[in-house]
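Okay, structure first, notes after.
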Amino acid sequence: MLPNERITEYCRQAAEQIRWKRARPAVIRELEQHLQDQQEAYMEQGSTQEQAVQMAIAQMGDAREVGQALDQAHRPQTPWFPLLVVMGLLVLGAALQVALGQQMAPLISYAVAAGLFVLGYFGDISWLGKHAMEIYLGVLVFSVALLIGSEPMAGVAVFHLEPIHLQLCYLALVFPSAYGLFLYGMKGLGTRGILFSILGYLPFALILMLVPALSGLLIYSAAAGVMLAAAIRKNWFGAGQIHFVLKLAVPVLLPAGALAAAFLSVGGTRLQAFLNPWLDAADTGRIYCLLRDAVAQAAFWGEGRADLSMIPALSENYALLYGIQKFGLGAFAGVMLLVLAFGVFCIIGAMRQRSMLGTLLVLAAALTVTLQAFVYAYANLGYGLWDALSFPFLSRGNTALLLDALLVGMMLSVLRTGAWVRDSEHPQRGIRILRIER
């Protein structure tokens, strides 16, 4: 057996002892690298290649014993805190929707959401990196097709094809992850990669402006800016030394531009009603007055005195207000602090990932879920200048519930197994439509 074949066979025998199969490729690479380094060191001391390999393997020890030791160290790390938060929100959301609707039908949606969460949690996220650009372009084409086939309902584009009834504003929940995969494909392109990343942001932003989904545009833009900043910070583009001002200005450009566009899209009447709703309490400012009065009549703990029967679409748009009236502002503050802690925990976990793919996917999902919750909360307090999407897992809305469950499942999958995810040396930058082999 040739020396290199002996190293390969040794690594294979050791890796066979590791029960978590997804960790085996990374372990094999690390073992091979270590043995090759030891081999080179012995050869520099005058040993032949055959002798160097024998001594390197002897120093490492029995392959089975080494593999068993590695099996103990290479196991998925369950992210208990965010996992328990998600499980708690799912249970709380199901109970809240049953109480609001006085029927058990919402439990079906929550059961499907739990299934999607499990699918994302135990899925192989490395597959996303292998098809990064295909997924980005697929989401873009699909979204454009939905937009073309949609029709306006209550001021928002809705795609309707029995039995599908899809509000396109919820595309904002998918766009950050798709854009993260676009960034992943820009590895090593230098300044061109940064420029392409700005251009890659624009199609999704334009779709959200046409829907329109201004709160979704702001969430997407904020997430895109943070992901771009993380990619620049980790020198993913290989652009060399970039001026500090440019490092700061490029990522800020995306959310700042979106915020300016969102403000310009708001009519003067709506803005005046937001600032002082009691001047127009019978028309545009009516819902602001109802919401703020309801909050003012809430207790800190326990049930409040407000009548919520006048609040439209309570279970969909103002489920959090129902919770405030039922349990008090203290309970609301506790939920928001829990969501904030969840977001901070996941963002810190994102920056600790060994792979750029893991960093981008966790940032996309964590920012989408956290910002979505806070935008919804502000709207429920009567301070939402733009229509909110949903509160993850608590508010009614099947599309948002299912997408949030899948996104969070994928995010926790990265936090669980991301230590063994490796970035591709040459990330995909195009689409392989057809391959002809001789």
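The values are calculated or read from the model by the stated rules, or taken from the named source; none is laboratory data. Everything quoted here is computed from the prediction, not taken from an experiment. Because the Cβ atoms are built from the backbone with ideal geometry, glycine has one as well, and the counts that use them run over all protein chains shown. All accessible areas refer to the heavy atoms of the entire protein, side chains included, with ligands and DNA or RNA removed. Shrake-Rupley method; radii C 1.70, N 1.55, O 1.52, S 1.80 Å.
Some points to look at:
- Selected residue (criterion: surrounded by the most Cβ atoms within 10 Å (Cβ to Cβ)) from residues of segment 383-410 that are in contact with an Asp or Glu (Cβ under 8 Å, 6 or more places away or on another chain) and over 22 Å from ILE348 (Cα atoms): SER395
- Test result for SER126, farther than 26 Å from ALA213 by Cα, surrounded by 14 or more Cβ atoms within 10 Å (Cβ to Cβ) and touching a Leu at 6+ places or on another chain (Cβ under 9 Å): yes
- Some residue of segment 361-383 being in a helix (DSSP H, G or I) and touching a Lys or Arg at 6+ places or on another chain (Cβ under 8 Å): no
- Considering (1) more than 27 Å from the chain's Cα centre (by Cα); (2) open to solvent by 70 Å² or more (accessible area, probe 1.4 Å); (3) touching a residue at least 40 places away in the same chain (Cβ under 8 Å), the lone condition that GLN51 does not fulfil carries the number (3).
- Of the residues making up segment 89-98, those that are without any contact (Cβ under 8 Å) to a residue 40 or more places away in the chain and open to solvent by 40 Å² or more (accessible area, probe 1.4 Å) are VAL91, ALA95.
- Taking residues in segment 149-169 that are within 17 Å of TRP386 (Cα to Cα) and modelled with pLDDT of 85 or more, and partners anywhere that are basic (Lys, Arg) and open to solvent by less than 100 Å² (accessible area, probe 1.4 Å), not one pair has Cβ atoms closer than 8 Å while being at least 6 places apart or on different chains.
- Every condition in (1) part of a helix (DSSP H, G or I); (2) surrounded by 14 or more Cβ atoms within 10 Å (Cβ to Cβ) is met by GLU65 except one, and the failing one is (2).
- Condition check for GLY101: under 30 Å from SER395 (Cβ atoms) and either touching a Lys or Arg at 6+ places or on another chain (Cβ under 7 Å) or surrounded by 14 or more Cβ atoms within 10 Å (Cβ to Cβ) (or both): no
- Restricting attention to segment 387-438 and to residues that are under 30 Å from ARG192 (Cα atoms) and within 16 Å of the chain's Cα centre (by Cα), the residue that is modelled with the lowest pLDDT turns out to be GLY418.
- Residue in segment 73-88 that is touching a Ser or Thr at 6+ places or on another chain (Cβ under 6 Å) and surrounded by 14 or more Cβ atoms within 10 Å (Cβ to Cβ) present: yes
- Any chance LEU253 is over 29 Å from LEU401 (Cα atoms) and touching a residue at least 24 places away in the same chain (Cβ under 8 Å): yes
- Taken as a whole, the structure places MET356 among residues that are over 25 Å from PHE274 (Cα atoms) and among the aliphatic types (A, V, I, L, M).
- Residue ID - modelled with the lowest pLDDT, chosen from residues in segment 66-120 that are among the β-branched types (Val, Ile, Thr) and over 26 Å from LEU321 (Cα atoms): VAL66
- Within segment 290-342, restricting attention to residues that are under 16 Å from LEU96 (Cβ atoms) and acidic (Asp, Glu), the residue that is surrounded by the fewest Cβ atoms within 10 Å (Cβ to Cβ) is GLU303.
- Filtering ALA15, ALA58, ALA23, ALA63 for residues that are among the hydrophobic types (A, V, I, L, M, F, W, C) and free of Cβ contacts under 8 Å to residues at least 12 places away in the same chain leaves a single hit, ALA58.
- Looking across segment 259-288 at every residue that is polar (S, T, N, Q), in a helix (DSSP H, G or I) and at pLDDT 80 or above, the one that is nearest to GLY155 (Cα to Cα) is identified as SER265.
- Segment 104-113 - residue that is open to solvent by less than 40 Å² (accessible area, probe 1.4 Å) and among the small types (Gly, Ala, Ser) and, of those, farthest from ALA319 (Cα to Cα): ALA113
- Scanning segment 36-48 for residues that are polar (S, T, N, Q), open to solvent by 70 Å² or more (accessible area, probe 1.4 Å) and closer than 27 Å to ARG22 by Cα yields one hit, GLN36.
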